[in-house]
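Asker: Once you've had a glance at the structure underneath, I'll fire off some questions.
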Amino acid sequence: MEEEIYSLELNVAVRVVHMACLLCRSVQKGLLSTSTFDQFKSKDDNSPVTVADWSVQATVSWVLSETFGSQNISIVAEEDVQTLSKPESAGLLAMVVSTVNECLSKAPRFGLKSPAQALGSSEVLEAIGRCSAAGGPVGKHWVLDPVDGTLGFLRGRQYAVALALIDNAEVVIGVLGCPNYPDKKNWLVKHEQHYHVMPELPFSNPGMWEEGCILYTRRGSSEAWMQPLVHGDNKLVWPNSARLVRVSSIDDPALATFCEPVEEANSNHSFTAGLAQTVGLRKQPLRVHSMVKYAAIARGDAEIFMKFARAGYKEKIWDHAAGVLLVQEAGGVVTDAGGQPLDFSKGMYLEGLDRGVVACCGAKLHEKIISAVYASWDSSNL
Ligand SMILES: Nc1ncnc2c1ncn2[C@@H]1O[C@H](COP(=O)(O)OS(=O)(=O)O)[C@@H](OP(=O)(O)O)[C@H]1O
Ligand SMILES: [Mg+2]
Ligand SMILES: [Mg+2]
Ligand SMILES: [Mg+2]
């Protein structure tokens with residue numbers, strides 16, 4: 001990409017997401033090999049949060065604050081410091097502090113600055129707590145999901161690190177780290193099928209698959225890029241090793257692959273099965289955790305992503321911002337189920353979202369899905 005608006009922001013975002021991906025891989029490897037249950041907690045809504053979620057949020061917050069000045073930036077991110085600040089979480093906090101320092105010590109390999117001294121607990125908590133901005137219609141807001149698909153992360157399956165920049169209500173930069181994304185085209189499908197046959201085999205097992213990538217884009221560029229993760233002690237050679245990605249050109253529903261959340265609790269599988277039948281989708285749904293579903297559309301490995309959460313659930317901006325821009329700039333279309341663009345101007349929630357999210361590789365498939373939603377909605381009990 002040529003030097004343009006937001007180039008410093010994009011540059012730093014790609015580098016820090018790369019660091020975050022390696023942090024996650026290392027935490028996930030430890031979790032899966034030792035089966036220790038002291039590295040995660042359940043939140044009030046029963047969803048899990050892990051050492052990796054807090055550590056990534058602290059790392060990204062620290063790097064953005066160092067680069068742009070903590071007084072000048074607004075970060076809207078998923079995690080808070082309440083649980084981690086409790087006396088009974090001292091062990092967990094110690095793990096987070098050591099994970100963050102380990103990660104930041106490698107910053108120079110990624111062309112970023114390390115702290116002069118290792119960060120203490122209070123600095124780490126401060127970095128995490130600094131990410132509680134409200135967002136809104138005016139100004140620049142960074143939007144971070146430190147680990148999206150935490151359930152996938154805990155299961156050794158797909159998850160993502162998502163960082164976006166919103167400027168005056170528009171997503172202008174999208175960076176999506178997918179540490180377990182298989183390198184070879186279409187291996188995502190094989191990965192997930194394989195998991196069902198041998199669920200005990202963690203696919204994060206390094207060396208078993210060539211995997212991990214970072215997708216990134218800038219609004220209006222009509223380009224989305226894919227940078228493979230560097231492994232071992234190698235330095236990041238970026239952007240030389242990045243390549244362009246593009247959405248699939250398939251527009252025949254019979255040939256299209258559609259993705260949806262793994263958990264029935266997060267999206268109504270029977271409603272989408274009905275839509276699939278109406279539209280003429282023949283393939284089994286590809287159920288994948290996290291914004292990797294957006295990555296699959298942007299990379300051309302799948303054609304459709306649908307999510308219909310239960311009534312009353314409000315989608316959060318950090319679960320969509322980076323993925324939506326990537327799909328759009330890679331040539332795809334993303335709207336709510338009423339065909340309207342997602343509104344990132346209302347703070348942490350996608351207020352006013354009509355029923356669900358529909359992302360497609362092209363307008364033809366998208367129109368068919370939206371028409372099918374209109375036809376099926378009344379008869380559904382969503
Ligand atoms: N009840 C409910 N309904 C809909 N969506 C919910 C719900 N609860 C949580 N979430 C959000 O879903 C994020 C994970 O989405 P996925 O598509 O990865 O779901 S799944 O794990 O594949 O089932 C997940 O993101 P992370 O918390 O970052 O993992 C949540 O923000
Ligand atoms: Mg979560
Ligand atoms: Mg999320
Ligand atoms: Mg998350």
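Asker: So which residues in region 99-140 are open to solvent by 70 Å² or more (accessible area, probe 1.4 Å), more than 19 Å from Glu66 (Cα to Cα) and of a type outside the set (A, V, I, L, M), if there are any at all?
Answerer: Answer for region 99-140, where residues must be open to solvent by 70 Å² or more (accessible area, probe 1.4 Å), more than 19 Å from Glu66 (Cα to Cα) and of a type outside the set (A, V, I, L, M): just Pro137.
Asker: Given Leu154, Leu92, which one is open to solvent by less than 60 Å² (accessible area, probe 1.4 Å), over 30 Å from Ala296 (Cα atoms), at pLDDT below 95 and within 16 Å of ligand 2 (Cβ to nearest atom)?
Answerer: The conditions single out Leu92.
Asker: Pick from Gly331, Gly300: which is away from ligand 2 (no atom under 16 Å from the Cβ), open to solvent by 20 Å² or more (accessible area, probe 1.4 Å) and closer than 16 Å to Thr217 by Cβ?
Answerer: Going through Gly331, Gly300 in turn, just one is away from ligand 2 (no atom under 16 Å from the Cβ), open to solvent by 20 Å² or more (accessible area, probe 1.4 Å) and closer than 16 Å to Thr217 by Cβ: Gly331.
Asker: State all residues of region 166-187 that are surrounded by 24 or more Cβ atoms within 10 Å (Cβ to Cβ) and closer than 19 Å to Gln227 by Cα; if no residue qualifies, say none.
Answerer: Ile173, Gly174, Val175, Leu176, Gly177, Cys178, Pro179, Asn180, Tyr181 - these are the residues of region 166-187 that are surrounded by 24 or more Cβ atoms within 10 Å (Cβ to Cβ) and closer than 19 Å to Gln227 by Cα.
Asker: Got at least one residue in region 306-328 being open to solvent by 10 Å² or more (accessible area, probe 1.4 Å), within 19 Å of the chain's Cα centre (by Cα), within 30 Å of Ser74 (Cα to Cα) and away from ligand 3 (no atom under 15 Å from the Cβ)?
Answerer: Within region 306-328, one or more residues are open to solvent by 10 Å² or more (accessible area, probe 1.4 Å), within 19 Å of the chain's Cα centre (by Cα), within 30 Å of Ser74 (Cα to Cα) and away from ligand 3 (no atom under 15 Å from the Cβ).
Asker: If you don't mind, another one. Can we say Gly232 is assigned by TED's automatic domain parsing to the domain that holds Gly111, among the small types (Gly, Ala, Ser) and either within 23 Å of Leu215 (Cβ to Cβ) or not in a loop (DSSP other than H, G, I, E, B) (or both)?
Answerer: The answer is yes for Gly232.
Asker: Checking Thr50 against (1) under 21 Å from Ala322 (Cβ atoms); (2) open to solvent by 50 Å² or more (accessible area, probe 1.4 Å), which test does it fail?
Answerer: (2)
Asker: Next up: Pairs under 6 Å by beta carbon, first residue within 21 Å of Trp187 (Cα to Cα) in region 145-169, partner of a type in the set (Asp, Glu) and within 6 Å of ligand 1 (Cβ to nearest atom), six or more apart or different chains?
Answerer: Hits for this filter: Ala160/Asp148.
The values are calculated or read from the model by the stated rules, or taken from the named source; none is laboratory data. Note that this is a predicted model, so its numbers are computed, not measured. Positions of Cβ are backbone-derived with ideal geometry, glycine not excepted, and every protein chain shown enters the neighbour counts. Areas reflect the complete protein model, heavy atoms only, side chains present, ligands, DNA and RNA absent. Shrake-Rupley method; radii C 1.70, N 1.55, O 1.52, S 1.80 Å.
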